[in-house]
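I have placed the structure first, in the form of structure tokens, so that the comments after it can refer back to it.
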Amino acid sequence: MSTTLSHEDILKLVPQQAPFRFIDKIVSVNENGIVGQYTFKEDETFYAGHFPGQPVTPGVILLETMAQTGVVAFGLYLLSLQLEAAELDKWLTLFSDAEVEFSKPVYPGEQVTITAEKIFWRRMKLKARVTMHNSANELVANCVISGMGVPKQ
């Protein structure tokens with residue numbers, strides 16, 4: 001029997017933690033997609049060196065943000081539709097591939113909304129089309145991203 005996870009349950013299962021968790025809230029989730037949000041705090045450690053005096057969120061952090069919502073959190077939800085709740089913590093979701101395009105910078109203090117749409121989910125592998133928009137609803141980045149679930153050691 002499968003388990004339906006609440007938004008809060010999914011966040012508790014995401015293995016990334018502060019200061020490396022880039023999901024504040026899950027807005028919605030179903031078997032076809034997920035929407036999450038994150039606000040980049042002005043005191044994030046990476047801003048000190050990227051770039052001093054004119055901080056910009058590094059592209060690799062934007063990609064990580066999209067991966068945490070679009071692969072990890074979404075993958076946990078999809079996995080919960082197949083497994084018992086007690087089995088979920090026996091799996092780890094690993095990033096495997098991405099093709100990303102950046103459109104706008106993200107500055108300290110900005111909130112972004114991440115939307116992922118499932119391309120496929122099979123044999124513990126997830127591929128999704130993910131977009132990131134800023135609070136003005138401008139496209140910041142988009143990607144096709146993949147990840148896979150592996151048993152924890």
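The values are calculated or read from the model by the stated rules, or taken from the named source; none is laboratory data. The structure presented is a predicted model; accordingly, all values stated were derived computationally and were not measured. Note: ideal-geometry Cβ built from the backbone for every residue, glycine included; neighbour counts use all protein chains shown.
In the range 89-118, which residues are closer than 16 Å to Thr39 by Cα and among the hydrophobic types (A, V, I, L, M, F, W, C)? The answer is Val106, Val112, Ile114. A residue that is in contact (Cβ under 8 Å) with a residue 24 or more places away in the chain, of a type in the set (Gly, Ala, Ser), surrounded by fewer than 22 Cβ atoms within 10 Å (Cβ to Cβ) and out of contact with any His (no Cβ under 9 Å at 6 or more places or on another chain) cannot be found anywhere in the range 14-29. Every condition in (1) at pLDDT 95 or above; (2) surrounded by fewer than 18 Cβ atoms within 10 Å (Cβ to Cβ); (3) hydroxyl-bearing (Ser, Thr, Tyr) is met by Ser96 except one, and the failing one is (1). Only one of the numbered conditions (1) surrounded by fewer than 20 Cβ atoms within 10 Å (Cβ to Cβ); (2) within 18 Å of the chain's Cα centre (by Cα) is violated by Pro52, and that is (2). So, Glu42, is that one in contact (Cβ under 8 Å) with a residue 24 or more places away in the chain, more than 14 Å from Asn142 (Cβ to Cβ) and crowded, with 16+ Cβ neighbours inside 10 Å or not? No: the conditions fail for Glu42.
Of the residues that make up the range 100-117, is at least one surrounded by 12 or more Cβ atoms within 10 Å (Cβ to Cβ), in contact (Cβ under 8 Å) with a residue 12 or more places away in the chain and touching a Pro at 6+ places or on another chain (Cβ under 6 Å)? Yes, that holds for at least one residue. Applying the condition of being part of a strand (DSSP E or B) and small (Gly, Ala, Ser) to the range 115-151 and asking which residue is farthest from the chain's Cα centre (by Cα) yields Gly149. For the range 40-72, a residue qualifies if it is of a type in the set (Gly, Ala, Ser) and in contact with a Phe, Trp or Tyr (Cβ under 8 Å, 6 or more places away or on another chain), and the qualifying residues are Gly59, Ala67.
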